[in-house]
Structure formats: C-alpha cells, structure tokens
Amino acid sequence: MTTFRKTIRLIVCFIFWGGLTRVCFAQQEATSLNMLLSPGAPGFVLLGVEPSSVERPGNVTDFGLNILNNTNGLSALPQNYAVEVAPYWLFGHPYLSYNDYSGDNGVISTVEQTFSISLATSSKFEGAVDTLSTGMGIGVRFSLLQGQIDVGFDNYKSKLDSVVNDLGGLNHKIDSVYRARSAADAMMSELSNARTTAANRNDSALVALIDAQRTARDGELRTEAENEIRSQNQSQIQQLKSLVTSIQLRRLGWKLDVAGGVVLDFPKQSFDNSSLTKEGGWITGGYELQNYSLLAVVRYLVDAKNSAQTNLDAGGRFIVPCSPNWTLSGEALYRSFTNQSNSSSWKFDVEIDYTLAKNSAVSFTFGRDSQGSQTGTLLSALNFIFGFGSQRP
Amino acid sequence: MQTETAENPKKSRQKEMRNIMSTTLTKAYQLKKDGTPLTFTVTIGDAQKGVTSVTLGTSSLVSNQEGDVSLNIGADNNVAGQTLYCSTTVADIRSETKQTDVTYQLTGGVSDFQQTLNESVANLGDVVFYGATFFLI
C-alpha cells in the first residue's frame, strides 16, 4: 500500500472515531481530564502490553501503581504491574510558589516537575514447553509542554478564591487568639522583664536561658491557640477540606511528552539469565481542548534479540469526556518494521475510562492488537490505577 | 548547623538556613541600631495556597495576604524592643505532594535570618497553621 493510501486510511480512522463519539458532546460535563487515568507506564509500552499506545501526557503523582489484566477472557489474576515515581514531588520545595507552578516557568521546570521513573513487569508463557518468563521494563517519561491551566474548568478559579477566603478567616482567628494569649500571659511578661534586666547587666548566660524559656513558652501559646481554633472550627475546616478535594485541575493547549526505556527479560524466571532485549523512545504530543483532545505518537523500538523486529510506530488518539467520571477514546496505530520483509500492521482500540474514587481509576480497552505474533488478535485489557502517597483529586 | 544567638554575634553568618519539621519558630533578633531598615519576607512553597498576617507590636502590617509577602518593617532604631508576630495558614491543594513549607526571612539586623518550617499532611485539603515570633532587641 502506498504511503498516500496509508495516510488516507489514517485520516478515515480519525473521522470514524470522531463520528462515533458525537453523542458524547450532547451530554458531556466538564471532567477532570488531567487526573483521569494516567496512561500505562512507559514500562508497559516497552513490554508490549500497554492498554493504549497513545498515552495521555502529564498525569503525575509522587507514587502510583498500575495493575494491568490483559487476558482474552478477563478471567485470570492480574499479570502485569507497574509502579511509577515522580522524584521531584517526593521532596519539599520551599521556594516553589503557586504562581511558579501554575504559570509558564520554562521547559526545565516543566521537565523537573513531570519527570517520572517507572518499573513494569509482565509475565507470560513462552516456548513450546510453555515456560513462564518475566520481562521487566524500566522507563522514564517527562513533559516538555504541559499546556495552561483552564481556570474556568469546573469553577477552578472561584473555588481557589473561596479556599483563600476560608484560609483568611481561619488565619485571622488563630492570629487574634494567639496574640491575645501572648499579651495576657503573665509568664511572657515576667520573662520579658527579666531579659531586659539581664541584658542591662550584660549577663549573657542568663539572657540565653531566658530566650530559651521564652521560645518554649511562645511555642506553647501557639499550640494552645491552634488547639482552640481547630476545636471551635471543625466544620469550617472540614468544609475547606471538602472544597479543596472537589477542585479539579485541567490543562489545555499544546502537550508534548517524551518517554523511553529498556526491557530486561528473565527467561524461566532466572535472574542469572537476564538479558537486555528491547530499548526505545517515543514522543507523544497533541492539543487538548475543552470538549475533546487529539494526540499523536511516534515511537521507535529496537529489538536487541532480533533486529528484524525493530519497528517504527505512528498513531493517534481521540479523547472525549462523556461525563464527570467517564471518558471515551479511540486510537489507531500503524506499525512498520525496518526489515522490509516483515509486514506492517495496524492496531485499533477503544478505551473506556472510569474514575472509581479519589485516587483510583479503571480503564477497559478493547480492539485489534498488532504486537508481533499477536497481529490481528483480540485486544482486551482491564487496567487499574492507584495513586499512593498523595491523593489525586 | 550552628545557630546564631544573641550572646555570640561573632559567630553570626549572612544567612542561616534550616529545614525544621515544626510549624512555629521564636527568635530573639539582634538589631544593629544604626538606622538599618529591616525587611521581612514570607514564602509559601510546594505550590500550596496560604495567607499571612503580620503584626508589629499592636499594629497590623499585613492582614491575610495571599501568597508570598515582602515587607519593609522600618528602621531598626524605630522598632527596637517591639515584637514581630506572623501567622501563616496553608492548605494542601496539590495532588502531587503532601508537603507544605513556609520560609521566614528577616534581614537588616546583626545577621540575616532565614528558616524554613515544614509539615507533611495526611490528606489533600488539610490545613496547617504556621507561626513566627521575632523579639527585636
């Protein structure tokens, strides 16, 4: 098939998926696109078990777990796992202000904040004797472009303003209570007078002792004020917390992610027999609008065992939020091999994503696979995402 | 890391940075008393949301200001003997992290002072109350 015909076929695929999802426009509501479902970890892609080939850029949590159940009948226990860590967010950043985070702070800051490392495993039976082997994919991923925060999405800005307003109310209360206690505290008054006397006598040792006592007493007054405010404002604090957890962040505009990694195979599950079998890199980019998103990927995978299997993938994905919890997407991926004797192939799939609860989501993928010997076979996968450490909104 | 105290100004340094797992600090801040202006800065980190109130003695300098604060307190001669109170309330709004940090910086005295207080919260939306008290001596 000529390149032109292949291109036309690709465009037709996009149009087909766009028409299929037209129903969703009529009843869609804004949803947390940024936080709905991290795509499969890069490790899954390298292992060839990714539920969707065109990954959604930009979902980061400090620690996440993917469980992928990729079977024809969805009857077996999960066989594929991945953990992903974003190192930047494991540590405190005292000088990272909210404005720095939400604004455009340059590529370096974006890379730092979105860089993640993933470790994925996939077990499968291989060979004529059906020997169980395990593959381990080690991947990295980061964003070059993240888009801009959609301040109008789900009343994002007004909710943040309400949060600030509520914080102001609490801050005013605790500040007033603390200063009143401090002003009325007899011990603080005595310590202050004693310090003045000691300083006038140049008694540095006594001054130091008084400073230590004053520090301790001041800490006690702060703690007492906090306990009082927390006790008297439990419902307000809980409402503030609920407001914060209801905030959903979405970034629109141009997105660009870079990912890559390597695969180690452990035939017969023997550590001593491990070998590097695959390596690759890919770029995922696209544009996200309020009502839909269009993404594309170009990927190059090198098969260290069989150079004839080295391939170049190109594809796209169309994503439509149907409701606050549901997202529908469709993708098409064309695979060609550097060795012309290998036939190129297509992968098509539809994915349904559902937010289970805070910090967890599930996706179901169904379609036509094109992975190696599985070309043309049914692709059916159930993928669970859990974010540990920090809670996803 | 060495702590600069009122009784050993010879050991002072330009900046003293410490990250301490605490939400309050109290400091006797030594002034030069030569008319040097004092500058007070509050920085809320980890991309969290917070507000700050600053009071000098009984006079309010800033009330519930969102985000970072930078103030000229005044000439050290004029504020000697007073107390600088600061209250900062922060909410964890970031899904990426549970860390909250507030950095307090006071300059213009015998030595500059800077300290970061931090606390990790249990859940998204949790509130942390930070406080700083400076006895200007």
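The values are calculated or read from the model by the stated rules, or taken from the named source; none is laboratory data. Note that the structure is a prediction, hence the values are computed from the model and not measured. FYI the Cβ positions are ideal-geometry reconstructions off the backbone, even for glycines, and counts take in every protein chain you see.
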Picking from A:Asn202, A:Asn171, the residue that is of a type outside the set (D, E, K, R), free of Cβ contacts under 8 Å to residues at least 12 places away in the same chain and on the phi > 0 side of the Ramachandran plot would be A:Asn202
Determine which single condition B:Ser59 fails, assuming it passes every other condition in (1) farther than 23 Å from A:Thr215 by Cβ; (2) touching a Ser or Thr at 6+ places or on another chain (Cβ under 7 Å); (3) of a type in the set (S, T, N, Q); (4) modelled with pLDDT of 95 or more.
-> (2)
Among residues of segment B:125-137, those that are at the interface with another protein chain (Cβ under 7 Å from one of its Cβ atoms) and not aromatic (Phe, Trp, Tyr), counted | 5
Considering (1) farther than 30 Å from B:Ser22 by Cβ; (2) crowded, with 17+ Cβ neighbours inside 10 Å; (3) at pLDDT 90 or above; (4) over 21 Å from the mean Cα position of the chain (by Cα), say which one A:Asp166 fails and leave the rest.
-> (1)
Confirm whether A:Leu191 is within 12 Å of chain B (Cβ to nearest Cβ), outside any loop (DSSP other than H, G, I, E, B) and touching a residue at least 24 places away in the same chain (Cβ under 8 Å).
-> yes
Across segment B:79-107, which residue is nearest to A:Ile237 (Cα to Cα) among those that are more than 9 Å from chain A (Cβ to nearest Cβ) and under 14 Å from the mean Cα position of the chain (by Cα)?
-> B:Tyr104
Counting just the residues of segment B:108-124 that are in contact with a Pro (Cβ under 9 Å, 6 or more places away or on another chain) and facing chain A (nearest Cβ under 7 Å), which one comes out nearest to B:Gly57 (Cα to Cα)?
-> B:Thr116
